[in-house]
Structure formats: structure tokens, C-alpha cells
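Below is one structure, written out as C-alpha cells; the observations come after it.
The values are calculated or read from the model by the stated rules, or taken from the named source; none is laboratory data. Only a predicted model underlies this, so the values are computations on that prediction, with no experimental measurement involved. For the accessible areas, the whole protein counts, side chains as well, though only heavy atoms, and no ligand, DNA or RNA atoms are used. Shrake-Rupley method; radii C 1.70, N 1.55, O 1.52, S 1.80 Å.
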Amino acid sequence: MVSTGNASLDKELNGGFFIGSLVVLLEDQTSQYYGHLLKTYLAEGVVREQVNMVVDPEPLRNRLWW
């Protein structure tokens with residue numbers, strides 16, 4: 001298991017995310033927690049020497065729909 005970096009969320013997920021799992025975070029317009037969760041989760045992965053990848057669809061969306 002890899003911690004999300006958020007103790008409350010880890011408790012709800014029974015310890016965090018499974019190693020090797022794909023996690024998709026969708027940001028909504030009113031939420032301010034997306035960035036915090038992303039940073040803490042990536043930091044946990046770095047500390048545990050896990051491979052991390054972030055894909056931001058926004059640049060692609062801007063190019064594809066012009």
C-alpha cells in the first residue's frame with residue numbers, strides 16, 4: 001500500500017492505494033483539494049522510491065478543440 005499523504009483519506013481507503021494501481025484524480029471547478037492531494041500523494045511516492053507519472057489533459061484539450 002502507498003499512503004495518499006492524507007491520514008483521513010488513508011483511513012477511508014484502508015491504508016492508501018495498492019502499489020501498481022492507476023489513480024485518476026478529476027478536478028472540479030470549486031475544489032481546492034485537488035492540488036494538495038496530488039502533491040502529498042506524489043511526495044509519498046518519491047519518499048518510497050515509487051514511479052510516479054502525472055498527465056495533465058488540459059494542454060491536449062486546448063490543442064484538439066480549436
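How long is the gain from H36 to K11 if the chain were fully straight, where each residue apart is worth 0.36 nm and the alpha carbon distance is subtracted?
Numbers: separation 25, 0.36 × 25 = 9.00 nm, distance 1.73 nm.
Taking H36 through K11 to full extension adds about 7.3 nm, to one decimal.
Just the number please: accessible area per residue for region 1-57, 1.4 Å probe, all protein chains included, in Å². Please report the intermediate quantities before stating the final value.
Values: 4740 Å² over 57 residues.
Heavy-atom SASA per residue in region 1-57 reads 83 Å².
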